[in-house]
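Note sheet for the following structure.
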Amino acid sequence: MIKLIRRNLLRNKRRTFLTMASLAMALFILSLLGVVNDAMSFADDSAMPDRLVVRNAISLTFPLPEAYEQRLRTIDNVVSVTPQNWFQGVYKDQRPENFFPRFTIDPATFRSVFYDLEWNEEEWEAFAAQRTAFAAGRELTEIQGWSLGDTITIKGDIYPIDVELQLRAIYDFDEPGQERQIFFHRRYVEEAMGNPGQNGTYWLLLDDPEAAPAVIAAAEAMFENSDNQVRAETAEAFAASFTEMLGNIRFFFSMIGLAIVISIFLITANTMAMAARERTTEVSVLRTLGFRRNQVLGMVIGESLAVGVLGAALGVGFTAVAIQGATPFLDQMGFGFGGFALDVQVLATAVAIGIAVGLLSGVFPAVAAARLKIVDGLRRL
Amino acid sequence: MAETVVQLRDVTKNYRRDAFELKVLQGITLDVEAGDYVALMGPSGSGKSTLLNLLAGIDQPTSGELIVAGQQVSRLGESKLALWRQRHIGFIFQFYNLIPVLTAYENVELPLTLRKSSRAARRKRVETALSVVGLQNRMKHYPRQLSGGQEQRVAIARAIVTDPTLLLADEPTGDLDAESGGEVLDLLGQLNEQFNKTILMVTHDPKAAARAKRLVRLDKGRLVASAPGGGTGA
Ligand SMILES: Nc1ncnc2c1ncn2[C@@H]1O[C@H](COP(=O)(O)OP(=O)(O)OP(=O)(O)O)[C@@H](O)[C@H]1O
Ligand SMILES: [Mg+2]
């Protein structure tokens, strides 16, 4: 039986190989899509339902006055407010591994809003006390080989100043992707710039996530008649607008994925149907020899299942190798804020799809083969 | 007194074709004793293959009684029937119908894989069957590497390897040249004489029919004559 399945698979080597390869290829692409999708879903994972972001209504690149911080604090349900500013700049060179988010913050209020980062208190005190200090996520310090006390220079680009910073604190966060940022004092940049009194975004902590719509309305209304109107949104919406097209891309990816699954199913099903049809006579011969209907059924299904399993294994193997190879690269392209990892779930899904495709595409020809009356099968020559 | 391997009582077979009922077999009554060698002749479309298929249990009669190897064949369900076929029937096709992806050895072994037996016991049987048909030196050949006559001999080995009660052959020489056909007929005669196999063979060739012990003629679904053949044993 097994031998017969194996031999039948080898009968038309090219066809079996092509089917398997197309299945493998499709699952490879599918897994890649899944992995990329996962990497992009960090925005959702790290959604902070109790926090809002307030920014300039025109665009993220326009700042807001410093004074807004105090006024935002007066809105009902707002527990705390803290400024945060995208400094950007260049560390060392343009190489991707030296690109990581750099924010300026206010240590006085930072932790009251971003309460989910974990700090060593002494380190935090040291960081807060030194105007030129910076704090970095643990993962980033490991990548860069920094230790406390090290000094780095960031060349400004948006801001025409270079900052020299000393590492004073390292934080942990349970989302590894969030450990790849640095924070330093907003005052440092402000003073170097001659105190323009501006800030990019304000982050608000709410006492109740349910109040978000009301706070958003209140914040936007508050500055409606000022020169700098604001846009307030949830952290999640902000993350999405920060990478605006990601949502669309993910949907697009899902559609591509679906199309791939359907087409490999059709391809495999067609091949299996062809293979089984060619063997109508043989199936009848086997049954004449005394093979039972179920054995014939099992044989045809077994064959396409084997194609499915091997194709899946091949595809997943490819993916594993490709991801291993490409991770450091993709990771630092900025794709990988959320960590670009080979997710077991993605692989399991790919394998499951491969097996399902194999099974399903085998079922129809198998049932047809088993249903066929022996005499009719023998007659068809 | 030899036991009766085949007992047909007023067997009919109709095929429906749209509204039209095609009466292929119209009341066949026939006995075949163990050790007999029967040639079944008749014009094309007279129902020879249909009759053979009924005997092999791969088709069901419309009416009548059909006892083969002591079993009312039409009473068996699919799975039991398959088992019965595997035990009692050896079928030889006109076009050999070997499985192309399997070697001669594996083709002959195929029916034995349905039985519980050791690999060594199987090997012995397969080798015996292949040596009976004179192909013990072609065991590793695939069907496409064999001549038509050799293929048919492998097919015969496959049919006899289970030591079936009844050998059924549907125009076994129909696709062969005179020489290979002659070899196949020699082989069938030998199986009948030396191994006492009961054989029922459909043929168009009077010379082939002459090798059998008994000749049965079918015309338009009826047996028209049943006479002793010119076979060696008669
Ligand atoms: N499955 C079927 N459906 C409809 N008609 C059938 C079927 N099988 C056989 N027939 C018809 O039954 C008749 C007898 O067929 P059968 O194959 O038994 O003839 P035969 O004597 O073996 O002929 P040949 O010598 O050509 O092989 C033919 O007219 C054939 O068309
Ligand atoms: Mg016929």
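The values are calculated or read from the model by the stated rules, or taken from the named source; none is laboratory data. Please read all numbers here as calculations on a predicted model, not as lab measurements. Cβ atoms come from the backbone with ideal geometry, glycine included; neighbour counts cover every protein chain shown. Side chains included, ligands, DNA and RNA excluded: accessible areas come from the protein's heavy atoms. Shrake-Rupley method; radii C 1.70, N 1.55, O 1.52, S 1.80 Å.
Here are some notes:
- Qualifying residue in segment B:110-123 (condition: open to solvent by less than 50 Å² (accessible area, probe 1.4 Å), under 17 Å from residue A:289 (Cα atoms), more than 16 Å from ligand 1 (Cβ to nearest atom) and under 16 Å from the mean Cα position of the chain (by Cα)): yes
- Among the residues making up segment B:42-62, those that are within 11 Å of ligand 2 (Cβ to nearest atom) and within 17 Å of the chain's Cα centre (by Cα) are B:42, B:47, B:48, B:49, B:50, B:51, B:52, B:53.
- When residue A:270 is tested against (1) surrounded by fewer than 19 Cβ atoms within 10 Å (Cβ to Cβ); (2) within 14 Å of chain B (Cβ to nearest Cβ); (3) at pLDDT 85 or above, only condition (2) is not met.
- Selection of segment A:4-23 for residues being more than 7 Å from chain B (Cβ to nearest Cβ) and of a type in the set (Lys, Arg) yields A:6, A:13, A:14, A:15.
- Within segment A:167-214, being touching a strand residue (DSSP E or B) at 6+ places or on another chain (Cβ under 6 Å) and assigned to a helix (DSSP H, G or I) holds for A:179, A:186, A:189, A:212.
- Criterion: in a loop (DSSP other than H, G, I, E, B) and either more than 16 Å from ligand 1 (Cβ to nearest atom) or open to solvent by less than 20 Å² (accessible area, probe 1.4 Å) (or both) - qualifying residue of B:186, B:163: B:163
- Filtering B:164, B:143 for residues that are of a type outside the set (A, V, I, L, M, F, W, C), within 11 Å of chain A (Cβ to nearest Cβ) and touching a residue at least 40 places away in the same chain (Cβ under 8 Å) leaves a single hit, B:164.
- Test for residue B:34: is it more than 16 Å from ligand 2 (Cβ to nearest atom), within 14 Å of another protein chain (Cβ to nearest Cβ), within 16 Å of the chain's Cα centre (by Cα) and open to solvent by 20 Å² or more (accessible area, probe 1.4 Å): no
- Among (1) within 16 Å of ligand 2 (Cβ to nearest atom); (2) open to solvent by 40 Å² or more (accessible area, probe 1.4 Å); (3) within 24 Å of residue A:10 (Cβ to Cβ) - the single one residue B:94 does not satisfy: (3)
- Residue in segment B:127-134 that is open to solvent by 40 Å² or more (accessible area, probe 1.4 Å), more than 14 Å from chain A (Cβ to nearest Cβ) and closer than 29 Å to residue B:48 by Cβ present: no
- As a summary of the residue check, residue B:113 satisfies the conditions (1) touching a residue at least 12 places away in the same chain (Cβ under 8 Å); (2) within 12 Å of chain A (Cβ to nearest Cβ); (3) hydroxyl-bearing (Ser, Thr, Tyr) except for the one numbered (1).
- For segment B:42-64, the set of residues classified as among the hydrophobic types (A, V, I, L, M, F, W, C) and near ligand 1 (Cβ under 8 Å from one of its atoms) consists of B:51, B:52, listed by residue number.
- Members of segment B:59-84 found to be in contact with a Phe, Trp or Tyr (Cβ under 8 Å, 6 or more places away or on another chain) and surrounded by 17 or more Cβ atoms within 10 Å (Cβ to Cβ), listed by number: B:69, B:71, B:73, B:82
- Between A:329, A:337, the distinction of being modelled with pLDDT under 85, part of a helix (DSSP H, G or I), surrounded by fewer than 16 Cβ atoms within 10 Å (Cβ to Cβ) and not β-branched (Val, Ile, Thr) belongs to A:329 only.
- Verdict on residue B:29 being of a type in the set (Ser, Thr, Tyr) and in a strand (DSSP E or B): yes
- Residue A:164 surrounded by fewer than 19 Cβ atoms within 10 Å (Cβ to Cβ), in a helix (DSSP H, G or I) and either out of contact with any Lys or Arg (no Cβ under 6 Å at 6 or more places or on another chain) or assigned by TED's automatic domain parsing to the domain that holds residue A:186 (or both): no
- Residue satisfying all of: in segment B:5-23; open to solvent by less than 50 Å² (accessible area, probe 1.4 Å) and within 23 Å of residue B:166 (Cα to Cα); farthest from ligand 1 (Cβ to nearest atom) among these: B:5
- Across segment A:277-293, the number of residues qualifying as within 14 Å of chain B (Cβ to nearest Cβ) and either within 24 Å of residue A:352 (Cα to Cα) or charged (D, E, K, R) (or both) comes to 6.
- Conditions (1) within 16 Å of ligand 2 (Cβ to nearest atom); (2) open to solvent by 10 Å² or more (accessible area, probe 1.4 Å): number failed by residue B:209: (2)
A quick yes/no check of all residues on (1) among the hydroxyl-bearing types (Ser, Thr, Tyr); (2) closer than 25 Å to residue A:52 by Cα:
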residue	(1), (2)
A:148	no, no
A:159	yes, no
A:173	no, yes
A:179	no, yes
A:184	no, yes
A:191	no, no
